[in-house]
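Student: Sharing a structure with you now.
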Amino acid sequence: VSASFTLSEEALEGEGNLSADPLFVDLAAGDLHLRSGSPAIDAADPSSPFDQEPEPNGGRADLGAYGYTPKAAAFGG
């Protein structure tokens, strides 16, 4: 398996892969929005579009369910 620009519990080899708590708003309730300080914010492939994310979007898409959507975290760095 080859993976890049992912956030997983298990460390994966590959460019841009992270192993950390994604800091979801409320995983138990199914709210997969990212909280401020999430390592997934602005962590998608740098060549991915990000213009659908609300400002400030940090100039880079978020990883996760809402990356490159209007529902993405609005506190990019």
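Student: Restricting region 35-77 to residues that are among the polar types (S, T, N, Q) and surrounded by 18 or more Cβ atoms within 10 Å (Cβ to Cβ), which is farthest from Gly14 (Cα to Cα)?
Tutor: Asn57
Student: Within region 17-34, track down each residue that is surrounded by 15 or more Cβ atoms within 10 Å (Cβ to Cβ) and in a loop (DSSP other than H, G, I, E, B).
Tutor: Passing the criteria: Asn17, Pro22, Leu23.
Student: Which one of Ala28, Ala20 is out of contact with any strand residue (DSSP E or B) (no Cβ under 9 Å at 6 or more places or on another chain) and either within 23 Å of Pro70 (Cβ to Cβ) or not aromatic (Phe, Trp, Tyr) (or both)?
Tutor: Ala28
Read-outs: derived from the displayed coordinates by stated rules, not from any lab. As the structure is a prediction and not an experimental result, all values here were calculated from the model. Virtual Cβ from ideal backbone geometry, glycine too; neighbours counted across all protein chains shown.
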